[in-house]
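Everything on this sheet refers to the single structure shown next.
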Amino acid sequence: MGLTRVERAALCAIVLVTVAAGVTRYATGVPNGFTFAFATVALVGLAWTVSFAVEHVGEHYGPSITGVMQATLGNLPEFFVVLFALQAGQLIIAETAILGSILVNALLVLGLVIIVGAHRAHDGVMRFSSRLPNDTATLLLISTLIIIIVGLADSAHDPASHHVRAISVIGAAAILVVYASWLVPYLRAPSTAEPGPPSRLGVSTGIALLVAGGIGSAFVSDWFVHALQPTIRSLDISKAFAGLVIVAIAGNGVEHAVGITLASRDKADLAISVVKNSVAQIAAFLYPLMVIVSLLLATRLTFSIAPVYIGALAGTAIIVWQITGDGEATLFEGVALVAAFVILATVAAYEA
């Protein structure tokens, strides 16, 4: 059946916004605010493009594989934003972008998905498989553990605090092994989902959109980071708020759009899979991967972060496990997750 008229129009609009972001980036005399605005919209649009393509290419694979595909390709904007931020020496932006991606998905996006899913359910209770939520909580907790240990060593100024970089690299490698040991059996597990209707897109069309979205994300992320610092100064907002809220929300357009849409269609398992896979992948794959990759960059990333964010990650892991670990969630629990993110965003607004 191919693309609908609305989908074709949306893709054309995304191309135009992406071109506009590139033109304003390299044209002389154009305020950085225009580049920032166009790049932000383009990032969201490209994230939707990747999401749209993965949803159709991976429909017949079931929630597990489709969720991992969504998370992997949907997290491309975050990967490139963090990469270019580190290369530009913007360590706070890089750190809070990663942390923000975890918190945005685990609190804001998951909360909205639960609100929509619970409202859609006939009895007001959104039901889904409990395995992935519990696995995600484990991965988030093991990632938080090394952050807490490094934070305690820093605050105590003990001998280990002088070797944070080495501890971070070894810890990152260990967490990547844990993630791989979870991912392989998870993907091999048989799917219990009922087969849906055949995809409207051919495989070649879907792959073409995936490649275009990924390449576009790389370029736009560079333009976004370039325009971010001047925009922060002009708007008089903290770097922490920019990374934790603005960058994270812009880079997580996939999970926003797809998770909420799937929840509204009463596809609870797939909606939860998309969001939870993204949380697990950022915490246990993207963050440790960037710690190792940063060894080749101008600025090094470690697991040493501000105490307020250590508490935020630990609290998020606990509250997410408590709410979703039983495979059920109600509207008020979704509201509680969104409220937790609002509180954290408010704190970030007053951080340096």
For the range 224-338, what ratio Rg/Rh do Cα atoms give with a Kirkwood hydrodynamic radius? 1.00
In the chain, which helices (entire DSSP H runs) extend 30 Å or more along their own long axis, judged by Cα positions, while averaging at least -1.0 on the Kyte-Doolittle scale? 5-26, 32-57, 131-156, 164-188, 203-235
Looking only at ILE232, ILE260, ILE92, which one moves most when the chain is put into a Gaussian network model with springs between Cα atoms under 10 Å? ILE232
In debye, nearest 20: dipole of the chain around its Cα centre with unit charges on the Cβ of K, R (+) and D, E (-)? 600
Peptides 138-148, 76-86 ordered by average Cβ neighbours within 10 Å, highest first: 76-86, 138-148
For peptides 95-103, 116-124, 218-226, 274-282, sequence by mean Cβ density within 10 Å, most packed first: 274-282, 95-103, 218-226, 116-124
Cut-off 19 Å, label point 7 angstrom out along Cα-to-Cβ of LEU145: give me the residues of the range 301-323 whose amide nitrogen falls inside. 303-305, 310-322
So for R0 = 30 Å, FRET eff. of ILE237-TYR26 from the Cβ-Cβ r, to 0.05, ends up at 0.75
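Any idea of the accessible area per residue across the chain, 1.4 Å probe, to the nearest Å²?
Per-residue value: 43 Å².
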Compare the Cα positions of ASN134, ALA153, PHE80 along the charge dipole of the chain (+1 at Cβ of Lys, Arg; -1 at Cβ of Asp, Glu; about the Cα centre) and return the one farthest towards the positive end. PHE80
Working out 0.36 nm times the residue gap between ALA13 and ARG120, then minus their Cα-Cα distance, what length gain in nm do you get to one decimal? 35.5 nm
Test item: Cα-centred dipole of the range 236-315, Lys/Arg +1 and Asp/Glu -1 on Cβ, debye: 120
Sorted by average packing, counted as other Cβ atoms within 10 angstrom per residue and highest first, what order do 319-327, 153-161 take? 319-327, 153-161
Farthest toward the dipole's positive end in the chain, which of GLY311, VAL50, VAL116, given Cβ charges of +1 (Lys, Arg) and -1 (Asp, Glu) about the Cα centre? VAL50
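The values are calculated or read from the model by the stated rules, or taken from the named source; none is laboratory data. This structure is a prediction, so every number in the text was calculated from the model and none was measured. Cβ: placed from backbone, ideal geometry, glycine included. Neighbour counts: every protein chain shown. These accessible areas exclude ligands, DNA and RNA; they are computed on the full protein's heavy atoms, side chains included. Shrake-Rupley method; radii C 1.70, N 1.55, O 1.52, S 1.80 Å.
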